[in-house]
Amino acid sequence: MHSAYSQNRPNVILIFPDNIGVGEVNAYGGVRGVPTPNIDKIGKEGIRLTNFNVEYSCTPSRIALMTGRYAARAGDDYYTGTTLWENTMAEQLKTAGYATALFGKWDIGGDDWLGKREPTHQGFDEWYGIPGTSHLSQFTAMKGFPKDQEIPYVWEGIAGQTSKQVKPFDVAARRTIDREAAEKSVNFIRKNADKKKPFFLYYPMTQLHFPALPHPDKVGTTGAGDMGDAMADVDYNVGLILKELEKLGIDKNTIVIWCSDNGAELRRPWRGSSGPWRGYYNSAMEGGVRTPCVIRWQGHIKDGQVSNEVVHEVDLFTTIAVAAGVPYAPNDRKIDGINLLPFLEGKQNHSNRESAIFMNRNGGVMAVKWQDWKLWYNFKTELPDAEPDNLVRLFDLRVDPQEEIDVKDHYPWVIGIMDSLVKEYELSLVQFPRVSAQANAADPYLPPPVGSGKLISTYTRTDRSMLGGRSVALPNPDFSGSWSTAELQTVSVINRSDKPKVAALGSGWGEKISIWQRSDYLDIERVVFNARELQPMVNYRYALNGTSTQNSINTGRSRKPSVSTAKWQENRLVITTTLPYQNPKTGLWQEHKTIQTLWLEDATNAPWEPRLIVETFREGVLGGLNSTNRTAYSKGYR
């Protein structure tokens, strides 16, 4: 047994399994009844995070982890691989004399990686594993696999030499590769402990990515099928590393992080569990981006902690660099990672992160999380969707973890805050342009001058364009009737070219409404919940005699009512609503204002029925942006 290290810098072990949802880990309420004592032990002796966020696919998640940057910054299409210009966690730690190794899955070098973008080209002294992903292991067993196509291999390499093939990566090798990587990890730890040299071990496991075929000695051991058996293998391999640290007496000077790259595996028959969340990996649903994460650094991180503070995988880059004494603040690129060490060490109660942006491979914003809110800019789910045209949705995640109830009309103050976060990101692309998709083919890459980028809109929404002048309002309007935002089609589908849907915030009253207008009041009725919920219709009443009215609507959170006043401006009705909201930082109640202006515009086409136009202004609060959009309703639900 070795004595405690005399070295000042901590060792770092980053274990990064593939496609493990929250529902697979016992400490997170594992649904299969498979014990995970070694993973749970890391959290018990440190901290277990319940709001740890990642990018939603394998390659971008690894780019973000290794560089501390949103993957969309690393290339217009990051599946072609990163450039050598990107600075990885391994390269950063090497500047402080760390020995570095990767055993497992690389998957950020692109298809043309050999001799160009191997792990040993980006900071690792040695590596063993697969350059791409796990499902390639099935290909050679498929009947139609072309005989002239190169088969996938397990590779190994050391710095200064081109990597070499070890053996075919087939179904049999798929079962054993994580165990082999764990054993090599143990040898790496032992070798550097003997030298009293600080080390960085990156162990990106291949499980539970499909095919989730367990190690032969775990087959049938859990009674929970391949997924349960493979999860038992994951935990066993973690135990091999933890036991070696304890045996060598270096566990107290070693930061151990175990976190999953994406949410639960989607493909059948190896479908994973997202626990309380909806969705799977390759989706920005919570089940795809919120994953289990446990961190231990004895003597620094107090044991037994559980936290729901927002953390993103990019933060691990910055936090590890600070812990190792090699902080990184370059002036030629944007680092998105935030130092969380004060939070992890208990020097402050809250994470330094409040938000996270989730983007697709082309840099388009899918969703933004802030505090306990999530705003979708382009809602997509692999499950059947009852409202496919409703692209913009706001979810109150603590109330609605399944992301089912769109509450953007009831908490409009949140929208501007999210928009301001995206605006800040878009402006950062002017300062630090994205790496082009062709850049890795021309390594060494030279970035364009700082500040030379163009302002690029990362999302499309109707309120982002100029509204133009208002149409003429019909005199003496009566808004009574049923109204729908569905486009009234008068041309056969055979001869029609449907325009792409543009995301919109809507009027604030929903897509289908009924209005009753009387001399002294206006009632608007909408459906928020389906009839099976046994909930009443939602009604808004607005007095037309200048007095104020209150509307109290419960969408799963009791709160103070909104207060509205309505007045006529010639033939337009202007409804101003003050909505109380609770500042999440201070707990104090503050006020947010929306203004909805209604008018009827004359019909320009058959069936010659006037349209209802609602122009909605939403005030920005807490540094958020204002927004104004128009919504057109046609008569009836057609």
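The values are calculated or read from the model by the stated rules, or taken from the named source; none is laboratory data. As the structure is a computational prediction, the values presented were derived from the model and not from experiment. Using ideal geometry, Cβ is built from the backbone for each residue, glycine included, and neighbour counts are taken over all protein chains shown. Protein only, heavy atoms only, side chains kept; ligands, DNA and RNA dropped before computing areas. Shrake-Rupley method; radii C 1.70, N 1.55, O 1.52, S 1.80 Å.
Sorted largest first, the principal axis extents computed over the alpha-carbon atoms of segment 322-387 equal 50, 32, 15 Å. Between LYS302 and LYS454, the simple spin-label model (points 7 angstrom out along Cα→Cβ) gives 5.2 nm.
Under 5 Å between amide hydrogens, built in the peptide plane, is the criterion, and for GLN207 it picks out ASP18 among residues at least 5 positions away or on other chains. For segment 279-428, relative contact order (Cα pairs under 8 Å, six or more residues apart, normalised by length) works out to 16 percent.
Treating r as the C-beta distance of VAL326 and GLU591 and R0 as 45 Å, the FRET efficiency rounds to 0.45. Here the 3J(HN,Hα) profile of segment 196-206, calculated from phi with Karplus coefficients 6.51, -1.76 and 1.60 at θ = phi - 60°, is 6, 10, x, 9, 10, 10, 10, 10, x, 4, 9 Hz, Gly and Pro shown as x. Write down the percent of antiparallel bridges among all DSSP beta bridges whose residues are both part of the chain, to the nearest 5. Bridges in the chain are about 80 percent antiparallel.
The portion of the accessible surface of segment 589-638 made up by carbon and sulfur, rounded to a whole percent, is 49 (1.4 Å probe; DNA, RNA and ligands excluded). Measuring r between the beta carbons of SER497 and ALA96 and using R0 = 56 Å, the FRET efficiency lands at 0.40. Of all complete DSSP H helices in the chain, those with a Cα span along the helix axis of 20 Å or greater and a mean Kyte-Doolittle hydropathy of 0.5 or more are 413-431.
Would you kindly state how much longer the chain becomes between ASN545 and ASP217 on full extension, computed as 0.36 nm times their sequence separation minus their alpha carbon distance, in nm to one decimal?
Extra length available between ASN545 and ASP217 comes to 110.2 nm.
Only Lys, Arg, Asp and Glu carry charge here, each on its Cβ (+1 for the first two, -1 for the last two); on that basis segment 304-346 has a dipole of about 120 debye about its Cα centre. When a/c is below 1.5 the answer is rounded, else prolate if a/b is larger than b/c, else oblate, so apply that to segment 215-351 with a ≥ b ≥ c taken from the square roots of the Cα gyration tensor eigenvalues. Note, shape of segment 215-351 comes out oblate. Simple rule: put +1 on each Lys or Arg Cβ and -1 on each Asp or Glu Cβ in segment 441-587, find the dipole, and look at ASN545, TRP483, TYR459; the Cα lying farthest toward the positive end is TYR459. Tell me which aspartates and glutamates have Cα within less than 15 Å of LYS197's Cα, excluding those fewer than 8 residues away on the same chain? Candidates past the 8-residue exclusion: ASP125, ASP251. Its relative contact order, with pairs defined as Cα atoms under 8 Å and 6+ residues apart, puts the chain at 15 percent.
When each of the peptides 121-127, 90-96 is scored by the mean number of other C-beta atoms lying within 10 Å of its residues, the order from highest to lowest reads 121-127, 90-96.
Rounded to the nearest 20 debye, the dipole size of segment 204-306 about its Cα centre is 260 debye, using +1 on the Cβ of Lys and Arg and -1 on the Cβ of Asp and Glu.
Calculated accessible area for the chain comes out at 42 Å² per residue, all protein chains present (probe 1.4 Å; ligands, DNA, RNA ignored). The lysines within cross-link reach of LYS116, meaning a Cα-to-Cα straight distance under 25 Å and a gap of 8 or more places when in the same chain, are LYS94, LYS105, LYS164, LYS167, LYS184, LYS334. For a distance above 15 Å, tell me the whole-number percent of Cα pairs in segment 12-52 that qualify. Taking all Cα-Cα pairs of segment 12-52, the fraction more than 15 Å apart is 43 percent. Amide H to amide H distances under 5 Å link MET366 with PHE358, MET359, ASN360, where only residues 5 or more positions off or on other chains count and H is placed in the peptide plane. Surface composition of segment 52-177: carbon and sulfur atoms hold 52% of the protein heavy-atom accessible area at a 1.4 Å probe.
Among the listed pairs LYS44/LYS247; LYS380/LYS512; LYS147/LYS218; LYS454/LYS585, those with a Cα-Cα distance over 26 Å are LYS147/LYS218; LYS454/LYS585. For segment 496-558, what % of the accessible area comes from carbon and sulfur atoms, probe 1.4 Å? Carbon and sulfur atoms account for 46 percent of the accessible area of segment 496-558.
Working ranking of peptides 58-71, 144-157 by packing, defined as the average number of other Cβ atoms within 10 Å per residue, highest first, is 58-71, 144-157. Unpaired Cys in the chain, meaning no second Cys C-beta under 4.7 Å: CYS58. Per-residue Karplus couplings for segment 622-629, computed as 6.51 cos²θ - 1.76 cosθ + 1.60 with θ equal to phi - 60°, are listed in order as 6, x, x, 8, 6, 8, 9, 9 Hz, Gly and Pro entered as x. Annotation: Cα Rg of segment 298-349 relative to the compact-globule expectation 2.2 N^0.38 Å equals 1.22. Averaged over residues, the count of other Cβ atoms within 10 Å places the peptides 539-547, 333-341, 112-120 in the sequence 333-341, 112-120, 539-547, highest first. Based on a Kirkwood Rh over C-alpha pairs, give the Stokes-Einstein translational diffusion coefficient of segment 489-606 at 25 °C and viscosity 0.890 mPa s in µm²/s. Calculated translational D: 142 µm²/s. Whole-Hz Karplus values for segment 512-517 come out as 10, 9, 10, 10, 10, 10 Hz, taken residue by residue from phi with 6.51 cos²θ - 1.76 cosθ + 1.60 and θ = phi - 60°; glycine and proline positions read x. Amide H to amide H distances under 5 Å link TRP85 with TYR445, where only residues 5 or more positions off or on other chains count and H is placed in the peptide plane. A Förster distance of 22 Å, applied to the separation of the beta-carbon atoms of GLN165 and ALA437, puts the FRET efficiency at 0.15.
Placing +1 on each Lys and Arg Cβ and -1 on each Asp and Glu Cβ, with no other charges, gives segment 138-179 a dipole about its Cα centre of roughly 180 debye.
Percent of Cα pairs in segment 401-484 per distance bin of 5 Å, from zero to the largest separation: 3, 9, 11, 13, 14, 13, 11, 9, 7, 4, 3, 2, 1, 0. Between the entries (1) -0.30, -1.26; (2) -0.61, -1.22; (3) -0.27, -1.22, the label attached to log10 I(q)/I(0) by the Debye sum over Cα atoms at q = 0.05, 0.12 Å⁻¹ calculated for this structure is (3).
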